[in-house]
Amino acid sequence: MGGDHDPKDDVGFFAADLGRTIKLDLTTAGAQNSDDECLPVGRYLLHADLPANRIAWVTVGAFVKGTPIGLLDDVPSMPMQNKTFVLFEFHVRKGVNDRIGGKMSGGTGTLYITKISFRL
């Protein structure tokens, strides 16, 4: 998708300043960033504290104030487990994946979303 490239993202890729972290307490009911916490465009780390033998299902979607994204406990959401997951990086694009949420297969866990660069 060459047309989606924005040269400003290149600058943000190499800027690795730790920014604000959003914490989501995950349960079987799920949680997502609130209407007051739209994820700004940038580079993020997604990391989690999960109980053994449980799956957290992570979903991203477009931020629409007052409209939560649907949280699923199966694909196409992304499954994460503490035995296979440490953390990973992703880029937020406005109106594409600026809302994030998750839910647990059982028990509780915590999802952390930390901004590590800023679009200039």
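The values are calculated or read from the model by the stated rules, or taken from the named source; none is laboratory data. Note that the structure is predicted; figures quoted are calculated from it, not measured. Cβ coordinates were reconstructed from backbone atoms using ideal geometry, including for glycine residues, and neighbour counts include every protein chain displayed.
Contact map, region 41-63: first residue over 15 Å from LEU87 (Cα atoms), second residue part of a strand (DSSP E or B) and not aliphatic (A, V, I, L, M), Cβ cut-off under 6 Å, separation 6 or more or different chains; pairs are GLY42/LYS115; THR59/GLY101; GLY61/ARG99; PHE63/ARG99. Candidates THR114, THR28: the one that is touching a residue at least 40 places away in the same chain (Cβ under 8 Å), in a loop (DSSP other than H, G, I, E, B), more than 23 Å from ASP4 (Cα to Cα) and polar (S, T, N, Q) is THR28.
Would you mind stating whether LEU18 is modelled with pLDDT of 85 or more and among the hydrophobic types (A, V, I, L, M, F, W, C)? When the stated conditions are applied, LEU18 does not pass them. Looking for something surrounded by fewer than 20 Cβ atoms within 10 Å (Cβ to Cβ), out of contact with any Ser or Thr (no Cβ under 7 Å at 6 or more places or on another chain) and part of a strand (DSSP E or B) - is there at least one such residue anywhere in region 50-60? No; the residues of region 50-60 include none that is surrounded by fewer than 20 Cβ atoms within 10 Å (Cβ to Cβ), out of contact with any Ser or Thr (no Cβ under 7 Å at 6 or more places or on another chain) and part of a strand (DSSP E or B).
Taking region 31-49 as the range and being part of a loop (DSSP other than H, G, I, E, B), of a type in the set (S, T, N, Q) and under 24 Å from ASP74 (Cβ atoms) as the test, only ASN33 passes.
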